[in-house]
Amino acid sequence: MTRLRALIEPETMRFYRAAGLTGWATYDSETGATRAATPEEAARAEELALPVPAPEEPVA
């Protein structure tokens, strides 16, 4: 039996840490649908989770 994955549009896709193969899950911020993240989605979630570098101060 093939299991269907919930269709989650990239525009409404959000991530959260989860126990699973990739360590991430995704949910749809509009419909609430959830599923395990694919390896590609997990890589994107890892990038989004990185801290934002502090802006450099201008040199006078």
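Overview of values
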{"read-out": "Lys, Arg +1 and Asp, Glu -1 on Cβ, resulting dipole of the chain about Cα centre, debye, nearest 20", "value": "480"}
{"read-out": "Cα gyration tensor, the chain - rounded (a/c under 1.5), prolate or oblate", "value": "prolate"}
{"read-out": "Solvent exposure of segment 19-60 as accessible area per residue, Å², 1.4 Å probe", "value": "80"}
{"read-out": "Cα long-axis angle, helix 39-49 against the chain (0 to 90 degrees, to the nearest 10)", "value": "30"}
{"read-out": "Length added when fully stretched, Glu46-Leu7, from 0.36 nm per residue minus Cα-Cα", "value": "12.0 nm"}
{"read-out": "Residue-averaged 222 nm ellipticity for the chain, from DSSP H runs of 4+ at -39500 (n - 2.57), nearest 500", "value": "-5500 deg cm²/dmol"}
{"read-out": "Inter-probe distance in nm under a simple model that places probes 7 Å from Cα toward Cβ, at Arg14 and Glu30", "value": "1.5"}
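The values are calculated or read from the model by the stated rules, or taken from the named source; none is laboratory data. It should be emphasised that the depicted structure is a prediction, and the values quoted were computed from it without experimental measurement. Cβ sites come from the backbone with ideal geometry, for glycine too, and all protein chains shown count toward neighbours. To get the accessible areas, we keep the full protein, side chains included, count just its heavy atoms, and leave off ligands, DNA and RNA. Shrake-Rupley method; radii C 1.70, N 1.55, O 1.52, S 1.80 Å.
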